[in-house]
Amino acid sequence: PFFSGIWLGVEWDDPQRGKHDGSYEGTQYFKCRHPKGGSFIRPNKANFGVDFLTAVKDRYGLNDNQDLQYGTGNTVVFGTKAVEFVGMDSVAEQQRQVQLNKLVDISVRECAVSHAGQEEEISRTCANMRHINLSKNLISSWETVIAIASQVQNLETLNVSENKMIFPSTSTFISSAFSNLKILALNQTEITWTEVSCHASSSPVDNYFGKVVKSEFVSLCVLQICQQVDVSYFWVLLCAQGWPVLEELYLSSNNITVLERPNNVLQTLKLLDLSDNQLLDGNQLHLIAQLPRLEQLILRNTGISSIHFPDAGFGCKTKMFPSLKRLAINDNKISQWSSINELDKLPSLRALQCNNNPFMDTEKNPETLIQLIIAKISQLEVLNNCEILPAERRGAELDYRKIFGKDWLEAGGHWNPEKNKPSEEFLAAHPRYSALCLKYGAPEEGELKGRQPLTLKNQLLTLTIKCPEKPEQKPVEKKLPESMTIQKVKGLLYRLFKIPGSELKLSYESSKLEGKEVELDNDLKPLQFYSIESGDCVLVRW
């Protein structure tokens with residue numbers, strides 16, 4: 001009432017751009033998710049976007065303005081003479097059509113796309129499209145996405161991330177447009193796994209309702225200002241009925257907190273990204289655990305504090321996530337090693353990312369920390385993007401067997417199989433220990449070293465160094481840090497024996513395994529990687 005003309009109520013993608021919650025002088029004109037996310041602007045300050053094909057032509061230099069700029073208009077200049085070509089417009093249009101028809105991968109990210117354009121125009125112009133990036137545009141509804149996708153016959157990849165969309169709440173909008181779709185990205189679209197209702201106030205500005213606009217460089221959602229409207233956000237499982245062959249689904253940063261069992265949908269899914277959604281708890285994972293082909297699950301920064309597979313006991317494999325090979329649980333709140341023990345129950349797990357979790361702070365030595373994780377998960381081949389070599393696994397498992405040997409004995413473990421009855425508490429904390437004893441034999445009394453405090457004294461190894469090729473050279477005893485790399489050991493031996501370090505070949509014999517020689521073949525690995533202990537003998541050859 002205080003100002004003439006039409007105003008638009010808008011909520012900024014970035015709430016710091018706003019001034020209020022949609023109210024003015026005590027009257028609530030529209031509602032915002034953020035208390036300071038709203039503004040009023042004049043319609044002439046808003047950009048309502050362009051259709052899909054206009055954005056494609058602008059992005060790939062195929063519109064009329066660029067034709068004139070690069071000399072494909074009706075008049076062409078030769079020296080000082082201007083020559084007019086009759087029918088040049090139709091020739092230029094044919095060339096544009098040919099070029100657009102050649103495009104397979106199209107990206108119109110951040111090009112202010114807001115609608116599909118004329119019906120069937122996309123299918124006539126871009127017949128060979130397979131992959132479309134529509135991220136960070138002005139698309140306000142799933143209907144617009146369908147309108148574009150339905151004109152692309154063999155669409156395989158679609159990215160509509162960073163569009164603030166309204167999703168219909170019924171199956172009316174399930175379309176055959178996605179019948180060939182294999183990869184779909186819906187990051188930051190405010191889609192939810194289960195249905196969420198949202199209310200918005202409205203006004204008599206019918207012309208602007210439901211459109212998405214852009215003022216300066218930030219997209220805005222136009223809201224009407226008078227009657228109450230109930231909008232149900234479309235949920236993932238309802239949408240998924242129209243994605244029969246989908247293999248990869250990206251749902252990062254969508255405020256998803258609750259999951260639901262996907263019955264008869266998403267059965268072809270191989271990758272699911274739920275990162276940056278604060279899930280209610282780790283038990284939510286049980287609801288998606290029966291996806292038969294899921295190979296990669298990304299749960300970065302989802303707030304989970306524990307993982308548990310209750311259907312399997314110690315040393316057994318779970319029936320959950322039968323095909324899962326790669327799991328990312330980094331940047332979470334997992335504080336107990338019991339969750340890492342649980343991961344050994346996954347039958348197909350080969351790669352794990354688990355950085356930035358509280359349980360990793362329980363071990364001060366980073367090398368020991370890595371060894372513990374490797375020893376606890378038997379089939380793991382890649383940890384935090386680093387390949388686990390066979391020698392590294394062997395060293396980790398042998399060390400684990402020694403470190404917890406005293407605990408094993410105190411809990412009822414015994415070298416005699418008939419008397420070996422470790423307690424339930426020990427097996428819960430170390431479910432792989434029995435398997436490691438079967439693999440390498442029960443630890444002998446001399447091997448039980450226990451867990452030592454992290455001091456320099458406890459990190460020094462007393463080693464005997466021999467040169468088999470120079471019998472006249474007396475053995476030398478040296479104290480070396482267990483963290484010393486093989487390369488640095490070679491440098492030390494070069495100075496000690498006056499031989500070129502680069503030509504040295506090192507191995508060692510364990511004082512407990514007579515006659516068995518282990519090659520020290522990786523210059524970048526520390527001594528402790530090979531499970532060398534005080535009293536062992538390093539053999540030097542060249």
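Select from segment 347-371 the residues that are in a loop (DSSP other than H, G, I, E, B) and open to solvent by less than 20 Å² (accessible area, probe 1.4 Å) and list them in ascending order.
LEU349, CYS354, ASN357, ASN365
Kindly evaluate LEU383 against the criterion of being of a type in the set (A, V, I, L, M, F, W, C) and at pLDDT below 95.
no
Yes or no: ASP276 closer than 22 Å to ASN385 by Cα, in a loop (DSSP other than H, G, I, E, B) and either acidic (Asp, Glu) or open to solvent by 60 Å² or more (accessible area, probe 1.4 Å) (or both)?
yes
Yes/no matrix, rows are residues, columns are (1) touching a Pro at 6+ places or on another chain (Cβ under 8 Å); (2) buried (at least 16 other Cβ atoms within 10 Å of the Cβ); (3) not in a strand (DSSP E or B):
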| residue | (1), (2), (3) |
| --- | --- |
| GLY303 | no, yes, yes |
| PRO310 | no, no, yes |
| LYS319 | no, no, yes |
| LEU327 | no, yes, no |
| ASP331 | no, yes, yes |
| ILE340 | no, yes, yes |
| LYS345 | no, yes, yes |
| ILE373 | no, yes, yes |
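Go through segment 8-30 and count every residue that is touching a residue at least 40 places away in the same chain (Cβ under 8 Å) and either buried (at least 17 other Cβ atoms within 10 Å of the Cβ) or touching a Lys or Arg at 6+ places or on another chain (Cβ under 9 Å) (or both).
Matching residues across segment 8-30 total 10.
Test LEU448 against the stated conditions and say whether it is modelled with pLDDT under 90 and surrounded by 14 or more Cβ atoms within 10 Å (Cβ to Cβ).
When the stated conditions are applied, LEU448 passes them.
Take LEU287 and tell me if it is over 28 Å from ASP13 (Cβ atoms) and open to solvent by less than 10 Å² (accessible area, probe 1.4 Å).
When the stated conditions are applied, LEU287 does not pass them.
Go through segment 23-124 and tell me which helices (runs of 4 or more DSSP H), entirely inside it, have 2 or more residues that are modelled with pLDDT of 90 or more and outside the structural domain of ASP13 (by the TED database).
52-59
The values are calculated or read from the model by the stated rules, or taken from the named source; none is laboratory data. All values reported here derive from a predicted model rather than from experimental measurement. Every residue, glycine among them, receives a Cβ derived from its backbone with ideal geometry; neighbour counts consider all protein chains shown. Please note that ligands, DNA and RNA were not included when accessible areas were found on the heavy atoms of the full protein model with its side chains. Shrake-Rupley method; radii C 1.70, N 1.55, O 1.52, S 1.80 Å.
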